[in-house]
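Encoded as C-alpha coordinates, the structure appears first; notes follow it.
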Amino acid sequence: MDQFGISQLADWLEEKNQAILDKQTKLDLATVLEAIDYLAVLDQPAKQYLNQTQATYYKSESDHKLNLPDDKAPLMATQDRIMVNHVDGQVNEDEIKFTYNHEPVFEPKYSAKKDLNLLKYGLEVIGAAASTGHTDIVKQALSKDAVLSLLLAANQLVAWQA
(Lines give C-alpha, C1' and ligand atoms only; values in the text may rest on other atoms or scores of the structure.)
Protein backbone atom coordinates (compact mmCIF):
# COMPACT_ATOMS: atom_id res chain seq x y z
CA MET A 1 0.00 0.00 0.00
CA ASP A 2 1.24 3.47 -0.81
CA GLN A 3 -0.12 7.00 -0.34
CA PHE A 4 -2.54 6.53 -3.26
CA GLY A 5 -3.68 3.03 -2.32
CA ILE A 6 -6.31 4.18 0.16
CA SER A 7 -8.10 6.29 -2.46
CA GLN A 8 -7.78 3.46 -4.98
CA LEU A 9 -9.42 1.09 -2.50
CA ALA A 10 -12.23 3.62 -1.93
CA ASP A 11 -12.68 3.95 -5.70
CA TRP A 12 -12.82 0.15 -6.08
CA LEU A 13 -15.45 -0.04 -3.32
CA GLU A 14 -17.51 2.60 -5.12
CA GLU A 15 -17.18 0.79 -8.43
CA LYS A 16 -18.11 -2.57 -6.90
CA ASN A 17 -20.71 -1.17 -4.48
CA GLN A 18 -23.75 -3.02 -5.80
CA ALA A 19 -21.83 -6.24 -6.53
CA ILE A 20 -20.57 -6.29 -2.93
CA LEU A 21 -24.11 -5.74 -1.61
CA ASP A 22 -25.41 -8.45 -3.96
CA LYS A 23 -22.64 -10.75 -2.65
CA GLN A 24 -21.28 -11.19 -6.18
CA THR A 25 -17.95 -9.55 -5.36
CA LYS A 26 -16.25 -10.46 -2.09
CA LEU A 27 -14.64 -7.79 0.02
CA ASP A 28 -11.06 -8.75 0.82
CA LEU A 29 -10.44 -8.02 4.50
CA ALA A 30 -6.67 -8.32 3.99
CA THR A 31 -6.71 -5.31 1.64
CA VAL A 32 -8.55 -3.20 4.21
CA LEU A 33 -6.14 -4.37 6.93
CA GLU A 34 -3.24 -3.30 4.72
CA ALA A 35 -4.76 0.18 4.26
CA ILE A 36 -5.36 0.56 7.99
CA ASP A 37 -1.83 -0.59 8.80
CA TYR A 38 -0.40 1.83 6.23
CA LEU A 39 -2.02 4.70 8.10
CA ALA A 40 -0.12 3.64 11.27
CA VAL A 41 -2.73 5.25 13.53
CA LEU A 42 -3.35 2.18 15.66
CA ASP A 43 -0.61 0.94 17.99
CA GLN A 44 -0.79 -2.68 16.78
CA PRO A 45 -1.41 -4.38 13.44
CA ALA A 46 -5.11 -4.07 12.60
CA LYS A 47 -5.85 -7.81 12.66
CA GLN A 48 -4.94 -7.95 16.36
CA TYR A 49 -7.89 -5.77 17.37
CA LEU A 50 -10.83 -7.94 16.36
CA ASN A 51 -10.54 -10.38 19.26
CA GLN A 52 -9.26 -7.82 21.77
CA THR A 53 -11.81 -7.04 24.47
CA GLN A 54 -13.61 -3.74 24.42
CA ALA A 55 -12.23 -2.98 27.91
CA THR A 56 -8.62 -3.56 26.86
CA TYR A 57 -8.94 -1.26 23.87
CA TYR A 58 -10.89 1.36 25.83
CA LYS A 59 -8.27 1.53 28.58
CA SER A 60 -5.16 1.35 26.41
CA GLU A 61 -5.85 3.17 23.17
CA SER A 62 -9.37 4.46 22.55
CA ASP A 63 -9.93 8.18 22.12
CA HIS A 64 -13.42 7.56 23.55
CA LYS A 65 -15.49 8.38 20.49
CA LEU A 66 -16.87 4.83 20.20
CA ASN A 67 -19.47 3.44 22.57
CA LEU A 68 -17.99 0.26 24.01
CA PRO A 69 -20.66 -1.01 26.42
CA ASP A 70 -19.50 -4.58 27.10
CA ASP A 71 -16.07 -4.80 28.73
CA LYS A 72 -15.77 -8.55 28.13
CA ALA A 73 -17.00 -8.62 24.52
CA PRO A 74 -14.49 -8.64 21.66
CA LEU A 75 -14.15 -5.47 19.61
CA MET A 76 -15.58 -7.28 16.59
CA ALA A 77 -18.92 -7.39 18.43
CA THR A 78 -19.01 -3.57 18.66
CA GLN A 79 -22.10 -2.17 17.00
CA ASP A 80 -21.16 1.49 17.15
CA ARG A 81 -19.28 3.08 14.26
CA ILE A 82 -17.57 6.42 13.80
CA MET A 83 -17.62 7.73 10.22
CA VAL A 84 -14.91 10.03 8.93
CA ASN A 85 -17.05 12.52 7.06
CA HIS A 86 -14.84 15.52 6.28
CA VAL A 87 -11.30 16.85 6.37
CA ASP A 88 -10.50 20.52 6.69
CA GLY A 89 -7.39 22.64 6.94
CA GLN A 90 -4.10 23.13 5.17
CA VAL A 91 -2.01 19.99 4.93
CA ASN A 92 1.00 21.93 3.64
CA GLU A 93 0.86 23.99 6.84
CA ASP A 94 0.57 20.84 8.97
CA GLU A 95 -2.95 21.77 10.05
CA ILE A 96 -5.78 19.40 9.24
CA LYS A 97 -8.80 18.27 11.17
CA PHE A 98 -11.11 15.39 10.45
CA THR A 99 -14.74 15.50 11.50
CA TYR A 100 -16.77 12.47 12.51
CA ASN A 101 -20.26 11.30 13.25
CA HIS A 102 -21.79 8.15 14.73
CA GLU A 103 -23.26 5.82 12.15
CA PRO A 104 -26.07 3.52 13.40
CA VAL A 105 -25.37 0.44 11.26
CA PHE A 106 -27.41 -1.85 13.54
CA GLU A 107 -30.59 0.20 13.84
CA PRO A 108 -33.07 -1.43 13.65
CA LYS A 109 -31.04 -4.37 12.26
CA TYR A 110 -27.67 -4.76 10.60
CA SER A 111 -27.29 -2.78 7.38
CA ALA A 112 -24.44 -3.93 5.15
CA LYS A 113 -25.10 -0.89 2.96
CA LYS A 114 -24.41 1.49 5.87
CA ASP A 115 -21.16 -0.32 6.76
CA LEU A 116 -20.06 -0.26 3.12
CA ASN A 117 -20.86 3.46 2.87
CA LEU A 118 -18.93 4.13 6.08
CA LEU A 119 -15.96 2.20 4.73
CA LYS A 120 -15.82 3.69 1.24
CA TYR A 121 -16.59 7.27 2.32
CA GLY A 122 -14.11 7.15 5.21
CA LEU A 123 -11.40 5.76 2.96
CA GLU A 124 -12.14 8.40 0.33
CA VAL A 125 -11.79 11.27 2.83
CA ILE A 126 -8.69 9.79 4.46
CA GLY A 127 -7.23 8.88 1.07
CA ALA A 128 -7.58 12.44 -0.17
CA ALA A 129 -5.52 13.66 2.78
CA ALA A 130 -3.03 10.77 2.61
CA SER A 131 -2.39 11.28 -1.12
CA THR A 132 -0.69 14.58 -0.33
CA GLY A 133 2.24 12.64 1.13
CA HIS A 134 1.89 14.25 4.55
CA THR A 135 1.25 10.92 6.30
CA ASP A 136 2.52 12.10 9.69
CA ILE A 137 -0.03 14.93 9.73
CA VAL A 138 -2.82 12.55 8.71
CA LYS A 139 -1.75 10.07 11.39
CA GLN A 140 -1.78 12.73 14.09
CA ALA A 141 -5.16 14.11 13.05
CA LEU A 142 -7.07 10.83 12.69
CA SER A 143 -9.16 9.38 15.49
CA LYS A 144 -8.09 5.88 16.53
CA ASP A 145 -11.75 4.99 17.07
CA ALA A 146 -12.63 6.12 13.54
CA VAL A 147 -9.83 4.00 12.08
CA LEU A 148 -10.99 1.07 14.22
CA SER A 149 -14.51 1.65 12.84
CA LEU A 150 -13.16 1.05 9.32
CA LEU A 151 -11.84 -2.30 10.53
CA LEU A 152 -15.11 -3.15 12.29
CA ALA A 153 -17.15 -2.26 9.20
CA ALA A 154 -14.96 -4.31 6.87
CA ASN A 155 -14.93 -7.29 9.22
CA GLN A 156 -18.72 -7.21 9.60
CA LEU A 157 -19.19 -6.93 5.82
CA VAL A 158 -16.94 -9.93 5.20
CA ALA A 159 -18.83 -11.96 7.82
CA TRP A 160 -22.17 -10.87 6.31
CA GLN A 161 -21.02 -11.91 2.84
CA ALA A 162 -20.02 -15.41 4.01
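Treating the beta-carbon of each Lys and Arg as +1 and of each Asp and Glu as -1, no other charges, what is the dipole magnitude of the range 38-162 about its Cα centre, to the nearest 20 debye? Don't skip to the end; give the middle numbers.
Working: 12 positive and 16 negative charges, 101 e Å.
Taking the Cα centre of the range 38-162 as origin, the dipole is about 480 debye.
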- [ ] Please give the net charge around residue 102, taking every other residue with its beta carbon less than 10 angstrom from that of residue 102, where Lys and Arg add +1 and Asp and Glu add -1.
- [x] 0
Open item on the list: Let me make sure I get this right: for the range 60-131, a, b and c are the square roots of the gyration tensor eigenvalues over alpha carbons, sorted descending. Under 1.5 in a/c it's rounded, otherwise prolate if a/b > b/c, else oblate. Which is it?
Closed with: oblate
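Taking 0.36 nm per intervening residue step and subtracting the Cα-Cα distance, what contour gain separates residue 19 from residue 95 on full extension? Write down the numbers at each step before the final one.
Values: separation 76, 0.36 × 76 = 27.36 nm, distance 3.76 nm.
Taking 0.36 nm per residue and subtracting the Cα distance, the gain is 23.6 nm.
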Task: Filter on 65/114; 72/109; 47/113; 65/144; 26/144; 23/109 - keep pairs with C-alpha separation over 20 Å - done: 72/109; 47/113; 26/144
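Please compute the length gained on full extension between residue 79 and residue 162, using 0.36 nm multiplied by the number of residues separating them and subtracting their Cα-Cα distance. Each step should come with its number before you reach the end.
On the way: separation 83, 0.36 × 83 = 29.88 nm, distance 1.87 nm.
Taking 0.36 nm per residue and subtracting the Cα distance, the gain is 28.0 nm.
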Task: Per-residue HN-Hα couplings for the range 79-96 [Karplus 6.51, -1.76, 1.60; θ = phi - 60°; Hz; x = Gly/Pro] - done: 9, 7, 9, 10, 9, 7, 10, 6, 10, 9, x, 10, 5, 6, 9, 6, 9, 9
Task: Choice from 24, 140, 79 with maximal GNM fluctuation in the chain (Cα, 10 Å cutoff) - done: 24
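Show me the three semi-axes of the equivalent ellipsoid for the chain, from the C-alpha gyration tensor (sqrt of 5 times each eigenvalue), largest first, rounded to whole Å. Could you put the intermediate results ahead of the total?
Working: eigenvalues 102, 80, 38 Å².
Each semi-axis is √(5λ); the values are 23, 20, 14 Å.
Could you tell me which helices of the chain pass both thresholds, a Cα extent of 20 Å or more along their own axis and a mean Kyte-Doolittle hydropathy of at least -0.5, with helices taken as whole DSSP H runs? Don't skip to the answer; put the middle values down first.
Details: long enough: 112-130 (26 Å, 0.36); 144-161 (26 Å, 0.83).
Qualifying helices, which must be both long enough and hydrophobic enough, are 112-130, 144-161.
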Open item on the list: Please return the longest range in the chain lying between exposed loop sites, taking trypsin sites (Lys or Arg not before Pro), DSSP loop only, at most 13 other beta-carbon atoms within 10 Å, and leaving the sites out.
Closed with: 110-162
Open item on the list: If you average the C-alpha positions of the range 77-110 and of the range 28-73 separately, how far apart do those two centres end up, in angstrom?
Closed with: 15 Å
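So, with a 1.4 angstrom probe, what is the percent of accessible area on the range 4-161 that is carbon and sulfur?
On the way: 3680 of 7750 Å².
Its accessible area is 48 percent carbon and sulfur atoms.
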Open item on the list: Which one, 128, 21, 31, is farthest towards the positive end of the dipole of the chain when Lys and Arg carry +1 and Asp and Glu -1 on their Cβ?
Closed with: 21
Open item on the list: Taking just the alpha-carbon atoms of the range 1-68, what radius of gyration and Dmax come out, in angstrom?
Closed with: 14.5, 39
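The values are calculated or read from the model by the stated rules, or taken from the named source; none is laboratory data. Because the structure is predicted, anything quoted here is derived from the model rather than measured. Reconstructed Cβ throughout: ideal geometry from the backbone, glycine too, with neighbour counts over all protein chains shown. Note: accessible area is taken over every heavy atom of the protein model, side chains too, but ligands, DNA and RNA are not part of it. Shrake-Rupley method; radii C 1.70, N 1.55, O 1.52, S 1.80 Å.
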